[in-house]
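To start, the structure itself, in structure tokens.
The values are calculated or read from the model by the stated rules, or taken from the named source; none is laboratory data. Everything numeric in this text was worked out from a predicted model, so none of it was measured. Virtual Cβ from ideal backbone geometry, glycine too; neighbours counted across all protein chains shown.
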Amino acid sequence: MGQGKTWRNQNFDGEEGIDFVRCRICGDHRRVISGRHLSKHNTDRETYMEEYDLTPDELMQRTSESYKVLAAAITRMARNNGLPR
């Protein structure tokens with residue numbers, strides 16, 4: 001596979017958590033640790049997060065569009081409930 005891990009022509013060199021996330025079970029570098037990926041390890045997202053003490057936002061790279069949508073939703077909920085950002 002060359003220097004960095006690749007998946008569908010995506011290069012996952014860079015900083016873990018920002019440019020990619022690493023599966024704690026197999027070490028694979030991915031944009032998102034999805035339920036589909038975790039099913040290959042016979043586990044689900046809730047069990048995986050509990051076992052490795054992770055939050056939902058730690059299952060996706062921070063530069064992904066999904067992360068940006070999640071972060072915006074959390075900020076909106078906090079504002080609507082009068083919580084600090």
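Would you please list the contacts, defined by Cβ atoms under 8 Å and residues six or more apart or on different chains, that run from a residue in region 8-25 that is on the phi < 0 side of the Ramachandran plot and crowded, with 16+ Cβ neighbours inside 10 Å to a residue that is at pLDDT below 65 and not hydroxyl-bearing (Ser, Thr, Tyr)?
Pairs that qualify, where the first residue is on the phi < 0 side of the Ramachandran plot and crowded, with 16+ Cβ neighbours inside 10 Å and the partner is at pLDDT below 65 and not hydroxyl-bearing (Ser, Thr, Tyr), are Phe12/Gly4; Phe12/Lys5; Asp19/Phe12; Phe20/Lys5; Phe20/Phe12.
Among helices (runs of 4 or more DSSP H) lying entirely in the chain, which contain 1 or more residues that are modelled with pLDDT of 90 or more and β-branched (Val, Ile, Thr)?
45-51
Which pairs do you get when a residue that is under 23 Å from Val32 (Cα atoms), found in region 69-82, comes within reach of a residue that is assigned to a helix (DSSP H, G or I) and modelled with pLDDT of 80 or more, reach meaning Cβ atoms under 9 angstrom, with the pair 6+ apart or on two chains?
Close Cβ pairs (under 9 Å, with a partner that is assigned to a helix (DSSP H, G or I) and modelled with pLDDT of 80 or more) amount to Leu70/Pro56; Leu70/Asp57; Ala71/Asp57; Ile74/Asp57.
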